[in-house]
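Worksheet for the structure shown next.
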């Protein structure tokens, strides 16, 4: 008699646990549906600081800098992958107002720096001169802190944007979301090591 009562209690508690698990799963999946819709419209509006001016000339200059950092070869360069837009997004959304001001001031001062040291604006320089100009930004004693901040931020965000671009993640360095299954009978001789 005692065993039968224990078995009945155990069966009832198992059914109760299943019901709770089903309820929790339903709540969780419903919550995920609503969470997805709550994130719609949460895009960046690229607020540029009031003290900064950013027009077509500055946009072209930033594209040239990004293209100089990662040029196109047999693979697309940073300019083709629109990494300059990523740089702007990150500067405006993730950096402090002080960094943003330094970034835009450095972008405006880049032409003056290259004209002083290389005799022409950055846009008119050939590729080798552009590379030399960007290298001299970190070495020249008369480089302003704004230029140094601009170059550091642009270089870091260009590398990040390029490596996280769709092309690199799917074509150049494809990522497997799910690794290959484990095969316990895989011959050790195919691994290339000594047995």
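Points worth noting:
- All C-alpha pair distances within segment 78-138, sorted into 5 Å bins from zero, spread as 4, 17, 20, 21, 21, 13, 4 percent across the bins.
- When you count the other C-beta atoms within 10 angstrom of each residue and take the mean per peptide, 153-164, 90-101 line up highest first as 153-164, 90-101.
- Using a Förster distance of 25 Å, the FRET efficiency for residue 148-residue 95 (Cβ separation, nearest 0.05): 0.95
- The Cα atoms of segment 108-173 cover 42, 25, 19 Å along the three principal axes, with the biggest extent listed first.
- Potential lengthening between residue 117 and residue 57 on full extension [0.36 nm per residue; Cα-Cα distance subtracted]: 19.5 nm
- Computed on the Cα atoms alone, the convex hull of segment 56-172 gives a volume of 96 cubic angstrom per residue.
- Order by protection proxy (mean Cβ within 10 Å, highest first), peptides 80-88, 129-137: 80-88, 129-137
Every number in this text was worked out from the coordinates using simple rules, so none of it is lab data. Note that the structure is predicted; figures quoted are calculated from it, not measured. In this analysis, Cβ positions are derived from the backbone assuming ideal geometry, glycine residues included, and neighbour counts consider all displayed protein chains.
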